[in-house]
Structures are given as C-alpha cells and as structure tokens.
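Here is the structure we will look at.
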Amino acid sequence: MEGVPSVVITPSGGSLKGTVPATAGRPLRRRLSGIVLSLLAAVAFATAYAQQWQESPVVFIYADPSPPISIDPAIANLDYDFNVTRNVYEGLTTYSPQELTLEPALATSWTQDGNTWTFTLRQGVKFHDGTDFTAEDVKVSIERMLALNQGATYLIQTVTSVEVVDDYTVRIATQNPDAFLPANLAHIGIVSADAVRAHEVDGDWAQAWFAENAAGTGPYALAEYRPPEQTVLHRFEDWWGGWEPGSIDEAVIRYVGETASRAQALERGDIDFANYLPLDDVLRIGNARGFHLVTGYEPYSFPAIYLNTQKAPTSDIDVRRAIRLAFSYDTMNQYYQGYSVTPRGPIPDYIPGSTEAELPEVRQDIEAAKALMAGRRETIRCIVPANNADFAVAATVLQASLAEIGIDVVLDTMPFAQMLQAYESPDTQPHCTMYGNANISPDPTAFLQAHFYTSGYYNKALLNDPEVDNLTEMAKQTFDEAVRTELLAEAQRRIVAAEPVIWTARPLLVYAVPDHVHGFEVDAADYRIIRLKDIRISQR
C-alpha cells in the first residue's frame, strides 16, 4: 500500500504477571523509518503540550448509518449496537486497540488453574444506577448472557459456572481449559445485578428494560435512546478511570442512512465524526484544511461474500471455486485506492494465531473458472445489506465478474436486520451474502467458532466441517503456543479448501477526522467503533 504508513503490530495475549498465554503474531512490515517515527512522536508531544482543550460542556456529535438493533449488552451484535454498549458497559479486561495487549479493567488481576480462572475485582467502582460493583454483578451478567444465548455469547460458551468467592473475587470455571477466556471477557459487558432483579418479569432477565435502558459501569451513561433519530450519552462523573481536560461531556450519536448526508455533514462541520464513508469522500475530506487522516488495521475482510454451501448451485464446490476464481480482486483494491490487500484466508496476519502468509495467494483466473463451470449456466441470488457503499461496490463487481463465466447474479438489497431474518428458513436463504468477516477479539478461536463452526451464529456459508470444529476447540484448550498455532493453521487450511467465502479485500480503515478531535484509534479487534473515553476535543 504505497504511501500508507503502517505500524508494527505484535499481538500479545499476555496479561500482567504472565497469567495469560503469550500469543505473539508476526508483525506487519514497518513503512516508516525509526527516524521519521521519532520526529512524528516529537511533533505529537509538542502539539499536545501546547494544546488548548475545549472547556466544558464538551459536546461530540457522531453519525452512524443505522440505529442499533439492541443496546442490551447480552444481545448487541452489530457496530451500531456496540457504539453504545462499548461506551456504557465494561468487561473484566480490556486491551490496547492496535497492539492487542491484554490489560486490566473491572478485574485488576487473574490466575488460571486447570479449568478455572480466578479474577480479583477492582474496588470502589460504581454503576450508573449508584450501586456498588461486586462479584455478584459478574456472576449475574455472565449467567444472564449464557441464558439468553444471543449476541457475543459465543465468546464465553465454554463457561460452566461462576462462583462468588467474596465481594471482590470471582471464580469462573470452563468445560475444558480455555486459554483465551480473559481476552474474550473484554467484550462481555457487566450489568448491574440490582437492575436485573428490579426489572425482571417472569424470568426474562429484564430484557424489556435493557432494550431501552442501561445500567453499566462504563465511562458514559445512557441519557437518551430515541431510535431511529439519535442516542445521547453523558459522561459518568464517578467513572473509576478518571477524566482529562477536553474529555467529552455529551456524545450525540445521530443515525443518518444517506452516505452523502454523513459526508456532507462532516465536511460542513455539523458533526465531529462519521462512520462508513466511501474512501473517495474520506480522502477528499481528510486532506482538506481542518482535517487529518487516521488509519489503522481492522479485523475485517470487507466485504466478505459468504457462499451457501447447502443450497444448489453453490452447494457444488466447483461452482464455489469458480466464483472465487472469477472475482476481480484488482477491482476491489482499486476501489480502496491502495489502502487494502487481498486476503488469503479468514484470519488477518496481525491477529494472534494467523498463518495467512503460508496460504496460497489469491488472484482472478477467468479461464480456470470457465473450465470448472464446463459450459453450465446458473443463476444465484445474493443479498446486499443496504446503506453500505462497500457492499454495493462488491456486489457490482461480483455481478460483472460472474457474467463472464455464465453465472447470473440477482442482487437483493435489504436492511441488515432483514438479511439476518432471511437465514431463519431454507426457503428464504440466499445463495450468497455480502457480509463483514470480522475477528472481534484477540482470540482467533472465537472468530472461527462464530464464522465457521457448524452452529456458528455468523456461519452464513452454512459450512459443516466437524474437523474444523474439532481443531478450533483443541486450539482453544491448548496453552502451548506452537501446538496451538499448528492446530489453527490446519483449521484455516481446511476452511480455505472448502471455498465457503470470497474474501474480496482487507481494507486499511481510513477516517477523515477534524483537527479538533484527538485520541481516536482504530480498534484492530472490534467492529468499527469509537471509544469515547479516549477522545479529547481542542478549541477550534
């Protein structure tokens, strides 16, 4: 990616005191020399030192393409959901957004013994409802999530019991040893047990209440939830993490479906941040006066085109392979203007456990695709989630590419929630779907379980390979890094060989950010979210 600065990312699952296994990945190639990096650091320091921070009240306005489907942390499962829940709720652990180094959050330390992890909890933490955070809240939150079995439950599906040892110690047992449990708990939001009990109706775990209200310990509290217009979050003054000058007092998340409207609002200065803008708009705005570009690695192969392995004609592996060979990867990379690479497999090479560099390169080969089709003509239906320019472009590229080998593609654009509903019945399932293939944890096994397990929630290819399931499960239980890496490598080889997904591109995320907005980083192991606590606003 010529002209695109990159950073070396050496992921580590290690915690303080080495209580989590090291999971160092291969660093990506460094594009800036040490001298340049030192100069940039010096400039950044000087700029920060001289910065005049905006005085309270600091209001931050942010535009997302769509309202949340759920703001309940046990159910939330999309970017739009997480832009609320990640700021309102916290996990026992957290991690640095780019280095992926595990860090304490609501837990200050943890140890492992066989199938059991013991967490020492942070004292003096308050929920937004005024109650004290204790081990009982951890127990209720995890048990609630497992009982509802939605959202990111796959991250903790190995948990068998949660025991309160005392007010600030909790013991979590798993079915088998789980090397990645602390990493996955970073994305399990802890709710107030008192709120659950106060609002529970007929054993529903207070779902109706949490659908419109919140009770977390996070840096921001829910002030207003009014979909489809906006959500408002207010700074939680009693947050244990503390605040700095220029920190956001009020965050207003507006839901603006029109891509052009989001871009224009950012350009005019009506909003401070916008999500899911086309790269052309990002580069135009980001290179204008008063803006700068922020880039970073993200977990997505985006878009990923899931091919239905259970429905003819894509149930035929030769047809799936022909589709993969026919796709124009160069066109997608041109669309991303050099800010992308063509993936070789499901796990990016900067995520722990990836063996992507060992997989074959992926290129378009129309003649090989035609040979596999052997003169057959087919028609397939492909769902394209609405209000996303990247999906729309990939759909057009797919349609044009497959026309060359005798496959007609009928594009069916619909809201994201409706796309999910289409998979509830074999009669309404499509042959392919534009989707995001994302690793939302430093744990690669959780990603494989979500996207490629036989029963995985995101397994929209409906892949059914018990050996992939077994290899991934063995990797999760293995604390020996070398053994775990080989198990994951074999799982990735099998997934690639089954041709369930076209990984069209892996873009480097690029944001146009106003110069008065500081501290934003792309999270390499989460959806396209913004951590509001990291943001500081200077005087314009």
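The values are calculated or read from the model by the stated rules, or taken from the named source; none is laboratory data. What you see is a predicted model, and the numbers here were worked out from it, not measured in a lab. Neighbour counts run over all protein chains shown; Cβ positions are idealised from the backbone, glycine included. We work out accessible area using only protein heavy atoms, side chains counted, and drop any ligands, DNA or RNA first. Shrake-Rupley method; radii C 1.70, N 1.55, O 1.52, S 1.80 Å.
I'd like to check one number: the per residue accessible area of the range 377-426, probe 1.4 Å, reported in Å² as a whole number.
On the way: 2150 Å² over 50 residues.
Accessible surface, normalised per residue, equals 43 Å².
If you roll a 1.4 Å probe over the chain with all protein chains in place, what percent of the accessible area is carbon or sulfur?
Values: 10440 of 20910 Å².
About 50 percent, which is the carbon plus sulfur part of the accessible surface.
What fraction of the DSSP beta bridges in the chain is antiparallel, stated in percent and rounded to the nearest 5? Numbers along the way, then the final one.
Details: 52 of 71 bridges.
Antiparallel: roughly 75 percent of the beta bridges in the chain.
List the GluC sites (Glu not before Pro) in the range 460-525 that DSSP assigns to loop (not H, G, I, E or B) and whose Cβ has at most 16 other Cβ atoms within 10 Å. Which are they?
Values: sites: Glu467, Glu473, Glu481, Glu486, Glu490, Glu521; in loops: Glu521.
Filter output for the range 460-525: Glu521.
Please report the relative contact order for the chain, taking Cα pairs under 8 Å with a sequence separation of at least 6, and give it as a percent rounded to a whole number.
Working: 1191 pairs, mean separation 108.4, N = 540.
Result for the chain is 20 percent.
With an 8 Å cut-off on Cα pairs and a minimum separation of 6 or more residues, tell me the relative contact order of the range 380-475 in percent. Mind dumping the intermediate values first?
Working: 116 pairs, mean separation 23.8, N = 96.
Contact order relative to length: 25 percent.
Which whole-number percent gives the relative contact order of the range 87-222, counting Cα pairs below 8 Å spaced six or more residues apart? Walk me through the numbers on the way to the answer.
Working: 253 pairs, mean separation 45.8, N = 136.
Value for the range 87-222: 34 percent.
Which net charge results when you count Lys and Arg as +1 and Asp and Glu as -1 among the other residues whose beta-carbon is under 13 Å from that of Ile495? Kindly include the intermediate steps, with their values, before the conclusion.
On the way: positive: Arg320, Arg324, Arg344, Arg493, Arg494; negative: Glu356, Asp465, Glu467, Asp469, Glu490, Glu499.
Net of charged neighbours comes to -1.
Enter the Cα centre distance for the pair the range 349-396 and the range 61-98, rounded to the nearest angstrom.
29
Is the shape of the range 400-540 rounded, prolate or oblate, going by the alpha carbon gyration tensor and its root eigenvalues a ≥ b ≥ c, with a/c under 1.5 for rounded and a/b larger than b/c for prolate? Before the final figure, lay out the partial values.
Values: a/c = 2.12, a/b = 1.21, b/c = 1.75.
Here the range 400-540 falls in the oblate category.
Between the range 233-306 and the range 397-437, how far is it from one alpha carbon centroid to the other, in angstrom?
29
Considering only the other residues whose Cβ falls under 12 Å of the Cβ of Val256, what net charge follows from Lys and Arg at +1 and Asp and Glu at -1?
Combined, the nearby Lys, Arg, Asp and Glu give -2.
Roughly how many debye, to the nearest 20, is the charge dipole of the chain about its Cα centre, given +1 on each Lys and Arg Cβ, -1 on each Asp and Glu Cβ, and no other charges?
Numbers: 40 positive and 69 negative charges, 272 e Å.
Here the chain has a charge dipole of around 1300 debye.
Note down the magnitude of the dipole of the range 411-538 about its Cα centre, charges +1 on Lys and Arg C-beta and -1 on Asp and Glu C-beta and zero elsewhere, to the nearest 20 debye. Walk me through the numbers on the way to the answer.
Values: 10 positive and 18 negative charges, 82 e Å.
Roughly 400 debye for the range 411-538.
Count neighbours as other Cβ atoms within 10 Å of each site's Cβ, and list the trypsin sites (Lys or Arg not before Pro) in the range 238-326 that are DSSP loop with at most 11 such neighbours. Write down the numbers at each step before the final one.
Working: sites: Arg254, Arg262, Arg268, Arg284, Arg289, Lys311, Arg320, Arg321, Arg324; in loops: Arg289, Lys311.
Those satisfying the criteria are Arg289.
What is the Cα centroid distance between the range 127-172 and the range 464-540, reported in whole angstrom?
Taking the Cα centre of each part, the range 127-172 and the range 464-540 sit 25 Å apart.
Helix-only mean residue ellipticity at 222 nm, the chain, DSSP H runs n ≥ 4 weighted -39,500 (n - 2.57), per residue, nearest 500. What is it?
Numbers: 16 runs with 158 residues, N = 540.
Mean residue ellipticity, 222 nm, calculated: -8500 deg cm²/dmol.
Tally Lys/Arg at +1 and Asp/Glu at -1 over every other residue whose Cβ is under 15 Å from the Cβ of Ala221; what's the total?
Numbers: positive: Arg86, Lys126, Arg235, Lys533; negative: Glu90, Asp129, Glu212, Glu224, Glu237, Asp238, Asp249, Glu250.
Neighbour charge sum, excluding Ala221 itself: -4.
In square angstrom, what is the accessible area per residue of the range 57-120 with a 1.4 angstrom probe?
On the way: 1610 Å² over 64 residues.
Counting only protein heavy atoms, the per-residue value for the range 57-120 is 25 Å².
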